[in-house]
Amino acid sequence: MFYRETGVFRESYAADMALFPIPLDRWGVLVLLLFAILGVPYLTSQYWMGSLIIPFLIFALSAQGLNFLTGYAGQLSLGHAAFMGVGAYGAVILYARYGVPLLPSLLGGGLIAAAVGTLFGLPALRIKGFYLAVSTLAAQFIIEWVITHVKWIGGGVFATIDTPPLRISGWLLDTPVEKYYLTLTIVVGLMIFAKNVVRSRVGRAWMAIRDRDIAAEIMGISLFRYKLLAFAVGSFYAGVAGGLMSFTYYAAANIEEFNLLLSFRLLGMIIIGGMGSVLGSFLGAGFIVVLPIFINQVLAAFGKLAGRLVTTDLLANTEFMVFGALIVFFLIAEPLGLARLWQTLKNYLRLWPFPY
Amino acid sequence: MKRGENWSLALLLLLAVVLCIGVPTLEAQGKEQVFPMLCYRTGPYAPGGSGNCGGWEDYMAFLNTKGGVEGVTLRWEECETAYDTARGIECYERYKPHMIVVNPLSTGITYALIERATRDKIPVVSLGYGRADASIGGDIFPYVFPLVTNYWSQTAAKIRFIAQKEGGEDKLKGKKIALLYLDVPYGRETIPILERLAERFGFEFRGFAVPPPGLEQGAQWVDIARRFRADYVINRNWGVSCTVPLREAARVGFPREKIIGVWWCGSEEDVRPAGDAATGYVASNFHGVGTDFPLIKEILDKVYGAGKGNLEKERVGTVYYNRGVVHGIVHTEALRTAIQKFGFPITGEQFKWALENLDLTEARLQEIGAGGFMPPIKTAPDNHEGGGWVRFQQWDGNKWVSISDWVPPYKEIVWEEINKSAEAYAKEKKK
């Protein structure tokens, strides 16, 4: 009954090529966007925006970059956090040391990360699968080492560069609401671009390479160009996400935040969210970033009811266990990720109340 | 739909409902001071975090049995960070309305909170760790307090201790001191000050980097023992990489008495896995170790006797537990100073004033039963460290034995470095 395509007549090429052809989809996304722009700052508190929603958006952006690389183009990458770090340091150096305005320095950070990503993507032209994973793992360590040791980048013995106050043409951004709007604008813009990229020739080339790269090459898709493009675009998204992280969230560029554990978490985000899907990046980021907090709250509520029976370290460890169990459960129930689950739900609703 | 998917959708719906549940609030009842605590009882550094939080909570429970601080009972609520910066920020933002002080217990979380806490006027206490240049306080780091002592003071005190062992500072000339450090910013933090001290006293200094996580140190130790032939080695690791030097030193035959560890590598959990190889290892500390202090004995009696202890009884008196008690003493004495000046309730700004005017004399420490347990502290608006005194302990195979009295750092050199670094930070931040 819902999500049906019958009765939807597209009368122009633009309507045919629309991102959300089904009206319910389109309205749903519009309502969500309006809620994000108008509802969130007024209905939620500073705590929600500053420590839950901003990191959720930033990690969704970075996960989307990894999704381009691993989900669409099939190039397994374990160095994504390092590219975020490159973008973070690039953006902060441009903004703090060279006085480049805020938005161009974010763009600059992304471009620097894209260049570095392309460099470390060169092995992808020769090796595949797990071997590529190891060479991107090398990228993670090499970039961490370079940033820590090269004084010009790292800035002294702490290897941390603090972000000066954020200013967009004179306007000072110092409240969480303003930082949230900055993050939201950039993330929404880049995600719309992502949705278009994956439907375009580039996206189809990536998917062909993922499915069978020899056949793709025979068909005339240049593996050299498209694999490196995947690394470049994926690292660009990671770089912008890293820049946003050090501008709006950490207020400093600190390489110890962009460590191997974060690379694994990003990979986990796209696996649980759904590889090869833009919605999957959001769902996966929400699962890994926001869900542990809620498990913590629910367990704390139970803990208060149980009184002294439950000690704090029992709560902390139970949270870990519950989170792990949830990951296992969701991956067994739907190996293709939460986005696939959403699609299945839509298909079900399409036919509802009929069974077939 | 597959059956599993039915279940997962139901679960997702349940989680969405949970999403709408608000965050539980923390209201103080009566004359009660709430201390939200950022702890890590899980994660890679759980032994340290659990010991620290446990000791602190036990001390507060002990004070409550005596009527609290100036008649105000103490209450605490733990927020688990697992040493993860994002969780630390979330904990801080969640408990911010009820915080008068935040204690991240982690360098990463401290760095991330400096800007936020300064804007929110909540002091960040990073007792015994980074960032060292925040000791200058003042206008540059108004709300950051690396109390009791920081890493640079510790390093200078180590050199003074080595000089004492050698029989005088002139005997340092020509000696070889190696720094074995984990190749992360934390590890490299003390290299500049060691270079300055090497210049001043004429000893030869070289740093030996260990790539993280630091489990493979064989090559560095062959280098240190056979090629460089160090006289002393400073062990600056963290977590699992703390134990490795002891085994490696045993393998290449380097005397453990000449290895001096930092205080994050000087706990029972670090030396026990090395077994016999650890005997003789020296570590620095900024408080006493063991249960042989009136205060610790009273805690065992009043708190553990009543069954209200936070940890297992065997952990009382361990290094991290005592460190937690030091945290407790510093915070409650600052609270007492604040209440005496401003009355109750206290805001973050008033607590910051108290932290800047903390005068914990030896007499006062004797009064609370902590004589010889921790050094006297005297802070000022431009001295957020308060002392910098360090002591040294040695592992005898079963327990830590104190082998020195309070050793002061070389104040002029340390504060010169602090000033330099803080100025560079100020320039960067103001741009």
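The values are calculated or read from the model by the stated rules, or taken from the named source; none is laboratory data. Bear in mind that the values here come from a model prediction, so they are computed numbers and not experimental data. When we count neighbours, we look across all protein chains shown, and the Cβ atoms used for this are built from the backbone with ideal geometry, even at glycine.
Read through the list (1) in contact (Cβ under 8 Å) with a residue 40 or more places away in the chain; (2) among the hydrophobic types (A, V, I, L, M, F, W, C); (3) within 11 Å of chain B (Cβ to nearest Cβ), then give the number of the only condition that residue A:145 fails. Condition not satisfied by residue A:145: (1). So in the range B:364-388, with the set limited to residues that are hydrophobic (A, V, I, L, M, F, W, C) and under 20 Å from residue B:285 (Cα atoms), which one is surrounded by the fewest Cβ atoms within 10 Å (Cβ to Cβ)? Going through the qualifying residues, I end up with B:365. Residues that are touching a Ser or Thr at 6+ places or on another chain (Cβ under 8 Å), of a type in the set (Phe, Trp, Tyr) and more than 7 Å from chain B (Cβ to nearest Cβ) do occur in the range A:244-263.
Of all the numbered requirements in (1) over 28 Å from residue A:72 (Cβ atoms); (2) within 7 Å of chain B (Cβ to nearest Cβ); (3) without any contact (Cβ under 8 Å) to a residue 12 or more places away in the chain, residue A:304 misses one, and that requirement is (2).
Beta carbons closer than 9 Å, at least 6 apart along the sequence or on distinct chains, pair a first residue in the range B:1-13 that is part of a helix (DSSP H, G or I) with a second that is modelled with pLDDT under 65 for B:9/B:1.
Consider residue A:107 carefully, then state whether it is more than 17 Å from residue A:65 (Cβ to Cβ) and more than 14 Å from chain B (Cβ to nearest Cβ). No.
Note on the range B:112-131: residues that are over 12 Å from the mean Cα position of the chain (by Cα) and either touching a residue at least 24 places away in the same chain (Cβ under 8 Å) or more than 9 Å from every other protein chain (Cβ to nearest Cβ) (or both) amount to 11. For residue B:292, indicate whether it is surrounded by fewer than 21 Cβ atoms within 10 Å (Cβ to Cβ) and assigned to a loop (DSSP other than H, G, I, E, B). Against the criterion (surrounded by fewer than 21 Cβ atoms within 10 Å (Cβ to Cβ) and assigned to a loop (DSSP other than H, G, I, E, B)), residue B:292 qualifies. Criterion applied to B:108, B:88, B:138 was being in a loop (DSSP other than H, G, I, E, B) and either within 14 Å of chain A (Cβ to nearest Cβ) or at pLDDT below 90 (or both), and the one residue passing it is B:138. For the range A:222-234, filtering for residues that are over 11 Å from the mean Cα position of the chain (by Cα) and either crowded, with 24+ Cβ neighbours inside 10 Å or touching a residue at least 40 places away in the same chain (Cβ under 8 Å) (or both) leaves 9.
Taken together, the residues in the range B:233-246 that are assigned to a helix (DSSP H, G or I) and touching an Asp or Glu at 6+ places or on another chain (Cβ under 6 Å) amount to 1.
Against the condition of a type in the set (Gly, Ala, Ser), touching a residue at least 40 places away in the same chain (Cβ under 8 Å) and in a loop (DSSP other than H, G, I, E, B), how does residue B:371 come out, does it pass? Criteria met by residue B:371. Do we have any residue at all in the range A:250-270 that's among the β-branched types (Val, Ile, Thr), assigned to a helix (DSSP H, G or I) and within 27 Å of residue A:343 (Cβ to Cβ)? Taking every residue of the range A:250-270 in turn, at least one turns out to be among the β-branched types (Val, Ile, Thr), assigned to a helix (DSSP H, G or I) and within 27 Å of residue A:343 (Cβ to Cβ). In the range B:306-326, the residues that are under 22 Å from residue B:38 (Cβ atoms) form Cβ pairs under 6 Å with partners that are aromatic (Phe, Trp, Tyr), at six or more places apart or across chains, as follows: B:315/B:321; B:324/B:56; B:325/B:59.
Among the residues of this structure, residue B:102 counts as one that is within 25 Å of residue A:46 (Cβ to Cβ), in contact (Cβ under 8 Å) with a residue 60 or more places away in the chain and touching a Lys or Arg at 6+ places or on another chain (Cβ under 9 Å).
Yes/no per residue for (1) at the interface with chain B (Cβ under 9 Å from one of its Cβ atoms); (2) assigned to a loop (DSSP other than H, G, I, E, B); (3) over 30 Å from residue A:5 (Cα atoms):
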position: A:316; (1), (2), (3): yes, no, yes
position: A:324; (1), (2), (3): no, no, yes
position: A:328; (1), (2), (3): no, no, yes
position: A:355; (1), (2), (3): no, yes, no
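Consider the range A:116-140 and keep the residues that are out of contact with any helix residue (DSSP H, G or I) (no Cβ under 7 Å at 6 or more places or on another chain) and touching a residue at least 60 places away in the same chain (Cβ under 8 Å). The one that is farthest from residue A:158 (Cα to Cα) is A:128.
With respect to residue B:420, determine if the residue is basic (Lys, Arg) and within 14 Å of chain A (Cβ to nearest Cβ). Yes, satisfied. Restricting the range B:7-55 to residues that are at pLDDT below 75 and not hydrophobic (A, V, I, L, M, F, W, C) leaves a set whose member that is farthest from residue B:105 (Cα to Cα) is B:8. Of the residues B:230, B:219, B:249, B:225, which is more than 14 Å from residue B:184 (Cα to Cα) and either assigned to a loop (DSSP other than H, G, I, E, B) or within 14 Å of another protein chain (Cβ to nearest Cβ) (or both)? The unique qualifying residue is B:230. When residue B:82 is tested against the conditions (1) part of a helix (DSSP H, G or I); (2) at the interface with chain A (Cβ under 9 Å from one of its Cβ atoms); (3) surrounded by fewer than 24 Cβ atoms within 10 Å (Cβ to Cβ), the lone failure is (1).
Quick grid of which residues meet (1) surrounded by 13 or more Cβ atoms within 10 Å (Cβ to Cβ); (2) acidic (Asp, Glu); (3) within 14 Å of chain B (Cβ to nearest Cβ):
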position: A:7; (1), (2), (3): no, no, no
position: A:17; (1), (2), (3): no, no, no
position: A:22; (1), (2), (3): yes, no, no
position: A:50; (1), (2), (3): yes, no, yes
position: A:66; (1), (2), (3): yes, no, no
position: A:83; (1), (2), (3): yes, no, no
position: A:86; (1), (2), (3): yes, no, no
position: A:90; (1), (2), (3): yes, no, no
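Scanning the range B:323-331 for residues that are out of contact with any His (no Cβ under 8 Å at 6 or more places or on another chain) and surrounded by fewer than 21 Cβ atoms within 10 Å (Cβ to Cβ) turns up nothing. Against the numbered list (1) within 30 Å of residue A:275 (Cα to Cα); (2) surrounded by fewer than 17 Cβ atoms within 10 Å (Cβ to Cβ); (3) more than 20 Å from the chain's Cα centre (by Cα), residue A:189 comes up short only at (3). Residue check: is residue A:147 crowded, with 16+ Cβ neighbours inside 10 Å and part of a strand (DSSP E or B)? No: the conditions fail for residue A:147.
Among the conditions (1) under 30 Å from residue B:190 (Cβ atoms); (2) small (Gly, Ala, Ser); (3) assigned to a helix (DSSP H, G or I), the only one that residue A:60 does not satisfy is (1). Determine, yes or no, whether residue B:361 is away from every other protein chain (no Cβ under 14 Å), crowded, with 18+ Cβ neighbours inside 10 Å and either among the hydroxyl-bearing types (Ser, Thr, Tyr) or more than 20 Å from the chain's Cα centre (by Cα) (or both). Spelling it out, it is not the case that residue B:361 is away from every other protein chain (no Cβ under 14 Å), crowded, with 18+ Cβ neighbours inside 10 Å and either among the hydroxyl-bearing types (Ser, Thr, Tyr) or more than 20 Å from the chain's Cα centre (by Cα) (or both).
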